[in-house]
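Coordinate-derived values only; no laboratory data. Because the structure is predicted, anything quoted here is derived from the model rather than measured. Every residue, glycine as well, gets a Cβ built from its backbone with ideal geometry; the counts of neighbours run over all protein chains shown.
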Amino acid sequence: MSPFDSQQVIEERINQTTLCSYLVGFDLNDQGVPYYRLDPLVKKILSALHEFAYGFHEGTQTNNTDTLGKIVEAAKSVYKIDEFQKVRDLCSSSEGLADDVADKYLRRGEFGELILHLILRDFHETLPLLSKIYFKDSIGHTVHGFDAVHIDPKKKTLWLGESKLYIDPKRGVSELLKDIEDHFKFDYLNSEFTLISKKIKHFKDTPDLNYWLNMLASGGKLTDKLKSIQIPLLCTYSCDSFSKYNDENSDEFNEYFNDKIKAIKEHFDKNYNHPLKGKLNIILMLFPVKNKVELVKTLHKKLSLIQQIGD
């Protein structure tokens, strides 16, 4: 059993060394009409909220989503972040959240990071090593540049992830490639490793803490460290597959869906020209949804309700 059982809602369609794809399908309402399972998806995403926000910084991972008070606390911490507050205000305004505004504020955001956290935990058996939200809430600014810093205790791999929320998947993938260009440089990585080490050394509940501190320590060859680093790149985006078809198991849906995934992967491969290309273990993760803007609106609506419980 995975930590959040998101497999009840999210299906992994492709699981390859360099490519994974995920989708949420349809169910039938009381009248027998198919509908996209948006609400179950939102509930699963928010089920990971507390662990995403605090991780090992409040104890072991067993203290994740069990207590209502902790979930309310996590929701409040999220809304101390300017980007979240801005988008929530736009969602509740009379003008609503138009697509151009959505792209301006949501191309990179913590909802994308939260979805990445959920997928890494449930589908790749990782553990969160460091929570960006926790330290934003504590000291008011970003303490590391990666959207996810996880570990695989069994394989002894460090997972440094990036995420994007876009309407257009190719634009989202292009932005992920820019992140790779910016973040996977020797000086940048050594600086990030130093920052991460300073934070995690205080959290004794981290499994094999000394191992990870030694791995991140300065002095070792970075080319050797890269062999133990996985780089998941998650792009969550709007896809018309779910408007054209209403059965994710039909041949028509599968053919259309797979063609779109193939085109996005080809776009990624064509534009992936990093100097360390042969040394980076990248996994492109594609998560098409029916409507990205509607997903974000619903997440904000639910999250705001959770926050109000504690007011």
Exercise. So how do 287-300, 174-187 stack up, highest first, on mean other-Cβ count within 10 Å?
Worked result: 287-300, 174-187
For this session: Please label the shape of segment 156-271 as rounded, prolate or oblate, based on the square roots a ≥ b ≥ c of the eigenvalues of the alpha-carbon gyration tensor (a/c under 1.5 means rounded; beyond that, a/b larger than b/c means prolate, else oblate).
Result: prolate
For this session: With a/c under 1.5 counting as rounded, go ahead and sort segment 207-310 into rounded, prolate or oblate using the C-alpha gyration tensor (a ≥ b ≥ c being the square roots of the eigenvalues; past the cut-off, prolate if a/b is larger than b/c, else oblate).
Result: oblate
Problem set entry | Formal net charge of residues neighbouring D269 (Cβ-Cβ distance under 14 Å; K, R +1; D, E -1) | +4
For this session: With label points built 7 Å along Cα→Cβ from the Cα atoms of D205 and D251, find their separation and express it in nm.
Result: 5.2 nm
Exercise. Using the Kirkwood radius built from alpha carbon pairs, what does the Stokes-Einstein equation give as D for segment 141-197 at 4 °C and 1.567 mPa s, in µm² per second?
Worked result: 102 µm²/s
Problem set entry | Mean Cβ count within 10 Å, highest first, over the residues of peptides 197-206, 45-54 | 45-54, 197-206
Seminar exercise, completed: Under 5 Å from the placed amide H of L234, counting only residues 5+ away or on other chains, we find E162, S163, K164, M285
Exercise. Residue separation times 0.36 nm, minus the C-alpha to C-alpha distance between Q31 and D152: what's the value?
Worked result: 39.1 nm
Problem set entry | Residues E12 and S174, FRET efficiency given R0 of 25 Å [Cβ-Cβ distance, rounded to 0.05] | 0.55
Problem set entry | Order by protection proxy (mean Cβ within 10 Å, highest first), peptides 250-256, 188-194 | 188-194, 250-256
Seminar exercise, completed: In the structure shown, of K43/K290; K164/K260; K185/K292; K225/K277; K70/K155; K178/K297, the pairs separated by more than 24 angstrom at the C-alpha atoms are K185/K292; K70/K155; K178/K297
